[in-house]
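Novice: First the structure, then my questions, so here it is.
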Amino acid sequence: MEQQLPDYEVQIAAFLSGNISSSEIKALQDWQNLSDENSQIFNAAVKAWKGSSSKLSKEEIEQDKLAINRSLIFQRAIKEERVKKRFRLLRMAAIFIGPALLAIGWYLGSTHLQTQPITWNTITAPRKHIAIFTLADGTEIWLNAGTTLSYPSVNLIDKREVKLNGEGYFKVTKDINKPFYVTTQNTTVRVLGTSFNIKAYAEEQQITTTLEEGSIDLTAPNGAKTPYLLHPGEQAIYKLNSGETTINKVDATRFSAWRNEKFLFKDADLKTILTELERLYDIKIHIVNPKLENLRFRGMFSYDQDLLDAFETLKRSVKLNYTIKDREVWLE
Amino acid sequence: MNNDSELMEKISQGHEESFTTLFDCYYPSLCFYTNKYIHDLDESRSLIQEIFIDIWIKRNSLQINQSLKAYLFKSAHNKARDYLKHKAIELKYENEHPFAEAVSDPDLIEEAELNARINSAINELPEKCREIFILCRFEELRYSEIASRLEISVKTVEMQMGIALKKLRTKLSPNQHIQILLHLFFKNNRPCLQGN
């Protein structure tokens, strides 16, 4: 087969790859000038040489095909999970209707039964979903993904009370005679009638209380000036390790954006964002390159976005790679 | 290609083989096309993968009001643009290469398709021939270096390079590409087409 190859093919290749002597170049030029066909062959060879400037091997193309398949399989897994959760949410709503009706029953009925021991009902918002419900007194409560809230099964005489583990937004119906208490593992908020947000996930080292309207008293352990009186637009952050509470002015609505199934972040470090993503998607994220931890981001995720969208969003603002395996993600 | 709409129709019905066909037909040329803008082939690959992932995910609701090819290259163009926008060097780059519409797309598309054809021709070269071509073209080794690395004569390298380039050159005609696509299409859809 090699014998069949005309000499000029060899010369053209040698010319294009720079493996030719000047005398051979001259010979090649003469050959080109012999006929139009020759110069066409030469030009086509130049075009082919230039066109081969970047290459994708068969193996690389196959790899990429697999990568797409893997992403799609992962995406499907998340989607199925989400469907399951939706069912769970429905079931939770159904379970809740029972106790709510009961509570209303107690409220309408007698209150002297309060001497009975108080039992607590618990409801939990599943991951990737928020739960919304109304207490017997008309108070509306939004629970962020993964949050648990307990409320007494009976109507108390002198107060209203709920226990929060996670993040909740409260729109408390005004009742001067019966203050509303929200207790977290460390702090207590006393309310008359108002809207506010509390973020108190057990695994986090702080409790953030943000007041939108009205006023609240915040009691924190070791607080010298406790209870703190918060005004609209103020946010109190209680640090578990130091026991200190700081109060800042903030844009309060931003901290309850999750009620619209959105996660907003403004100048947030990667750690904070990843903690939210872990909670939302029930995954574990490992940061391989510690330099990443200090990067700051602003942006938004929607709860109905897939995990991949979230990482792609991050990827757009900073150079990072992610590897996903089972329910774990490695970032570098 | 008229068959594109049929292909898309099948994809929207969840026909996985058609999706594979779409990938095989367009993936390399889309990568090369994006690479013309962003000059990073690995990055181009991940951007184009995103396009395919999107198509499959949104297959039920996807409305393509132009040719499938135009849609794909438009998406690739947008991906490249967004990518450059998000790069920190955005401003600097745009000053140097006014990106927006300055480059004529049809030409670039044609070039990308040509590159893809040549690329597949490289992949189809006989193994030894391909190895020599890759060492020469991409690792920029001299004939003598290739010869000593592979323990063959310089004469063989010369000859193999001649063969390689001749094969690539003959792949330049666009008709050949369409024939390959048609071949792929019919191969993958034979059971469905029999009914017609």
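Novice: Considering only residues that are among the acidic types (Asp, Glu) and part of a loop (DSSP other than H, G, I, E, B), which ones fall in region A:201-257?
Specialist: A:203, A:204, A:244, A:251
Novice: In region A:1-43, which residue that is in a helix (DSSP H, G or I), aliphatic (A, V, I, L, M) and more than 9 Å from chain B (Cβ to nearest Cβ) is farthest from residue B:140 (Cα to Cα)?
Specialist: A:34
Novice: Of the residues A:264, A:314, A:292, A:280, only one is closer than 20 Å to residue A:166 by Cα, assigned to a helix (DSSP H, G or I) and aliphatic (A, V, I, L, M); which?
Specialist: Answer to the check: A:280.
Novice: Then there is this: I'd like to verify a number: residues in region B:142-163 that are surrounded by 18 or more Cβ atoms within 10 Å (Cβ to Cβ) and more than 9 Å from chain A (Cβ to nearest Cβ), how many?
Specialist: Result for region B:142-163: 2.
Novice: If I ask for residues that are within 13 Å of chain A (Cβ to nearest Cβ), crowded, with 16+ Cβ neighbours inside 10 Å and at pLDDT below 90, which ones from region B:56-86 would you list?
Specialist: Answer for region B:56-86, where residues must be within 13 Å of chain A (Cβ to nearest Cβ), crowded, with 16+ Cβ neighbours inside 10 Å and at pLDDT below 90: B:56, B:57, B:59, B:83, B:84.
Novice: Return the residue satisfying two criteria in turn: it lies in region A:279-332 and is without any contact (Cβ under 8 Å) to a residue 12 or more places away in the chain and either over 23 Å from residue A:68 (Cα atoms) or out of contact with any strand residue (DSSP E or B) (no Cβ under 8 Å at 6 or more places or on another chain) (or both), and of such residues it is nearest to the other protein chains (Cβ to nearest Cβ).
Specialist: The extreme case among them is A:316.
The values are calculated or read from the model by the stated rules, or taken from the named source; none is laboratory data. Please read these numbers as outputs of a predicted model, since none were measured by experiment. Every residue, glycine as well, gets a Cβ built from its backbone with ideal geometry; the counts of neighbours run over all protein chains shown.
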